[in-house]
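Remarks on the structure that follows.
The values are calculated or read from the model by the stated rules, or taken from the named source; none is laboratory data. Since the structure is predicted, the reported quantities are computational estimates derived from the model, not experimental observations. For neighbour counting, all protein chains shown are included, and Cβ atoms are generated from backbone atoms with ideal geometry for every residue, glycine included. Accessible surface areas use protein heavy atoms only, side chains included; no ligands, DNA or RNA. Shrake-Rupley method; radii C 1.70, N 1.55, O 1.52, S 1.80 Å.
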Amino acid sequence: MTKPNPCPCESGKPYSACCQPLHMGNAAPTAEALMRSRYSAYVLGLEGYLLQTWHPDTRPATLNLADDIQTKWLGLQVKPFVITSGNTATVEFIARYKIGGKAERIHEVSQFERIDGRWYYLTGTDQA
């Protein structure tokens, strides 16, 4: 029996039971679940998903992930997840990666907004 692939978001769950259903169109139940699925989408190069889950007010036209073959994502640590109102939340996280052999990290507090029952990434504040 083959062991299921672990989810890149490091939830401890198999990808098929964690981020994959969101990548296939299911709505994220929480802002934290959306943030985890977005991290996994970066790992897997799912630019379309990242753009679809980006708030329309702040969404870039493109991310050009196909051009970014040097970034190797290494791990995710989720810190406080706070519901700030019925339709807004923040998630603090640290994402580790290597680019050109050099270890880097993103430490961010991300803002999320729920519109028509779906969570969207709005913006982030660097916590360097």
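3J(HN,Hα) along region 84-97: 9, 6, x, 10, 9, 7, 10, 9, 9, 8, 10, 10, 9, 7 Hz, from the Karplus curve 6.51 cos²θ - 1.76 cosθ + 1.60 with θ = phi - 60°, whole Hz, x for Gly and Pro. First compute the accessible area of the chain with a 1.4 Å probe, then give the percent of it belonging to carbon and sulfur atoms. Carbon and sulfur together cover 51 percent of it.
Among [x] 0.95; [y] 1.03; [z] 1.28, find the value of Cα Rg over 2.2 N^0.38 Å that was calculated from the structure presented, and write down its label. Here Cα Rg over 2.2 N^0.38 Å agrees with entry [y]. Derived scalar couplings between HN and Hα for region 112-119 equal 10, 9, 9, 10, 6, x, 10, 7 Hz in order, rounded to whole Hz, by the Karplus curve 6.51 cos²θ - 1.76 cosθ + 1.60 (θ = phi - 60°), x for Gly and Pro. Extending 7 Å from Cα along the Cβ direction at Ile94 and again at Ser16 yields two label points whose distance is 3.3 nm.
In this structure the amide hydrogen of Trp119, modeled in the peptide plane, comes within under 5 Å of the amide hydrogens of Ala28, none closer than 5 places in sequence on its chain. Annotation for Lys102 and Met24: the two label points, set 7 Å from Cα along the Cα-Cβ direction, are 4.0 nm apart.
Surface analysis of region 1-106 yields an accessible area of 59 Å² per residue, using protein heavy atoms and a 1.4 Å probe.
Compared with the direct C-alpha span, the chain from Leu51 to Asp126 gains 25.0 nm at full extension, assuming 0.36 nm per residue. Summing Lys and Arg as +1 and Asp and Glu as -1 over all other residues whose Cβ lies under 14 Å from the Cβ of Leu65 gives a net charge of -1. Taken over the chain, lysine pairs spaced eight or more positions apart, or on distinct chains, with alpha carbons under 19 Å apart number 4. Within the listed set Ala27, Ala103, Ala95, the residue fluctuating most in the Gaussian network model of the chain (springs between alpha-carbon atoms under 10 angstrom) is Ala103. When the helices of the chain are scored as -39500 (n - 2.57) per DSSP H run of n ≥ 4 and the total is divided over every residue, the value at 222 nm lands at -5000 deg cm²/dmol.
Counting alpha carbon pairs within less than 8 Å and at least 6 residues apart, what relative contact order, in whole percent, applies to region 13-128?
Details: 191 pairs, mean separation 26.4, N = 116.
About 23 percent, as a whole number.
Where in region 1-36 does the amide nitrogen come within less than 20 Å of the point 7 Å from the Cα of Arg118, taken along Cα to Cβ? Those under the cut-off are 18-36. Simple rule: put +1 on each Lys or Arg Cβ and -1 on each Asp or Glu Cβ in region 1-117, find the dipole, and look at Gly45, Pro80, Ile99; the Cα lying farthest toward the positive end is Ile99. Of the residues Asn64, Asn26, Asn87, the one that moves most in a GNM of the chain with alpha-carbon contacts below 10 Å is Asn64.
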